[in-house]
Every structure is written in structure tokens, then in C-alpha cells.
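Taking it in order: structure first as C-alpha cells, then the write-up.
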Amino acid sequence: MVKKKTGGTKEEESIVLEYLTKANRPYSATDVFNNLHAKYTKSTIVKILDKLIDDELVFSKTYGKTIIYSIKQNEEESPSEKDMEKMEKSINELNQELEVLLEENKKLEQTMTQLTAKPTTTEAQQLVEKAKLKNEEMRKKLNDLKSGTVLIPSEKRKRINEEYTRNRDLWKKRRRLFNDIFKTVTENYPGNPKELKEQLGVEEDPVPLEKDPLE
């Protein structure tokens with residue numbers, strides 16, 4: 001036995017039927033849902049309309065992906081063939097308008113997604129300010145380089161000078177110690193001390209570190 005479809009309550013079916021009767025024009029389930037100000041859920045509206053079709057109080061017709069519902073007319077109130085053609089033409093036009101609106105809505109949603117992905121005006125202003133500060137900083141460095149200005153911070157320069165002085169003093173001390181030892185060793189050397197240095201691979205440091213080159 002085929003189970004009979006159930007819609008909403010009798011009261012809900014009566015309200016939907018009364019609305020379609022008073023409107024006396026075709027509507028989609030969404031139209032009925034909206035025109036009743038979302039009094040019932042859309043799924044409930046669809047069930048009620050299907051139940052009214054089973055009760056032969058309403059008929060439906062499919063146009064593309066849209067199902068249109070309309071109240072059944074009494075024989076004496078049945079529209080003429082001309083009226084039916086006019087009604088069908090109106091429905092087709094409405095469906096075309098619906099397709100256009102859906103396409104426009106899709107484009108608007110895509111545009112909205114793109115806009116929300118971009119920085120806001122405030123964020124853009126902040127980025128511009130950061131770029132200006134960075135640009136000014138780079139411009140100053142460039143001007144300093146062009147003018148020959150030393151870019152090394154004073155603390156770092158001081159640390160480098162101290163390290164240089166320490167290494168220079170150590171070098172002077174070791175060089176003096178080597179010269180004293182070499183002089184003592186070669187004091188009674190029969191050959192040329194300079195040639196001995198060359199044979200031993202000892203090279204004189206050409207850099208005059210006895211004096212600070214920065215002084």
C-alpha cells in the first residue's frame with residue numbers, strides 16, 4: 001500500500017491554500033515561503049504544496065529547475081487558452097529574470113570576496129606610511145654613502161678601535177721578541193742573516209703597524 005504524503009497541519013495547509021486562492025497566480029515554493037514572511041520553513045511549505053497537489057487542490061508545472069504551483073480553477077473559472085499562454089509567457093519571463101538575477105548575485109559575491117581579500121583603506125594607509133618611513137631611511141643611508149659619512153655606530157667604532165689597538169700592541173711585542181731572539185741566534189752566524197730569513201721562510205710584515213694608521 002502506497003503511503004499517503006503528509007504535509008503540515010490542517011491549519012498550515014489551510015493557510016497556504018487560502019493564500020494561493022487569494023493570490024490566484026502561480027508561485028514557486030520560495031515565493032510562497034517569502035510572501036508568508038517565513039512563517040513556516042521552506043521544507044514545510046514544499047510538503048504542504050505536495051499534499052495539496054495530492055488532494056487535487058493545487059497543480060504544479062516544472063520550468064527548468066523551478067517548480068511553479070498554482071491553485072486549481074473551477075471549470076467555470078478555468079482560464080482560456082489565451083490566458084494560459086499569457087500566463088506561461090509571464091512565467092518564462094520571470095524565470096529568465098531569475099536566471100539573470102542569480103548570475104548577477106554570483107558576480108557580486110565574487111567581487112565581494114575579492115574586496116574582502118584586499119586591505120581596507122585604513123590598512124592601506126598604514127602600509128603607505130610604513131613604505132614612506134622605509135623609503136626615507138634608505139634615502140638617508142644613500143645620502144650618507146654619497147657624502148662619505150661613516151655609517152658605523154660610535155659604540156661599534158670604539159670596540160673596533162680597542163680591538164685594533166690590542167692586536168697592534170701584541171704584534172709589536174711579538175715582533176720585537178722575534179727580532180731580539182733572531183739577533184741573538186745569528187750574532188755569530190757566518191752567513192747573511194737576511195738570506196737566512198729567506199731560507200727559513202720568515203717574511204717581513206710590509207704594514208707599518210708601529211704607528212696607528214688612523215692617527
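Just so it is clear, none of the values below were taken in a lab; they were calculated from the coordinates. Quick caveat, the model's predicted, so the values are computed rather than measured. Cβ: placed from backbone, ideal geometry, glycine included. Neighbour counts: every protein chain shown.
Dipole magnitude for region 1-74: about 200 debye, using +1 per Lys or Arg Cβ and -1 per Asp or Glu Cβ, origin at the Cα centre. Here region 81-204 is treated with +1 on each Lys and Arg Cβ and -1 on each Asp and Glu Cβ, and its dipole about the Cα centre works out to around 2000 debye.
Using only Cα coordinates, the Kirkwood hydrodynamic radius of region 154-200 works out to 13.0 Å. Couplings 3J(HN,Hα) of region 139-144, computed from phi: 5, 5, 4, 5, 5, 4 Hz, in residue order, whole Hz [Karplus 6.51 cos²θ - 1.76 cosθ + 1.60, θ = phi - 60°; x for Gly and Pro]. Region 1-74 has equivalent-ellipsoid semi-axes of 17, 15, 13 Å, by the square roots of 5 times the alpha carbon gyration tensor eigenvalues, sorted largest first. Seen from residue 102, the other residues with C-beta closer than 11 Å to its C-beta sum to a net charge of -2, counting Lys and Arg as +1 and Asp and Glu as -1.
The residue 110 and residue 56 beta-carbon pair, evaluated with R₀ = 45 Å, returns a calculated FRET efficiency of approximately 0.50. Taking amide H atoms as placed 1.01 Å from N in the peptide plane, the amide H of residue 72 lies under 5 Å from those of 58, 59, each 5 or more residues away in sequence or on another chain. The count of lysine pairs in region 80-119 that are at least 8 places apart or cross chains, and whose C-alpha atoms lie under 28 Å apart, stands at 4. Counting neighbouring beta carbons within 10 Å and listing from fewest to most, the residues 42, 183 come out as 183, 42.
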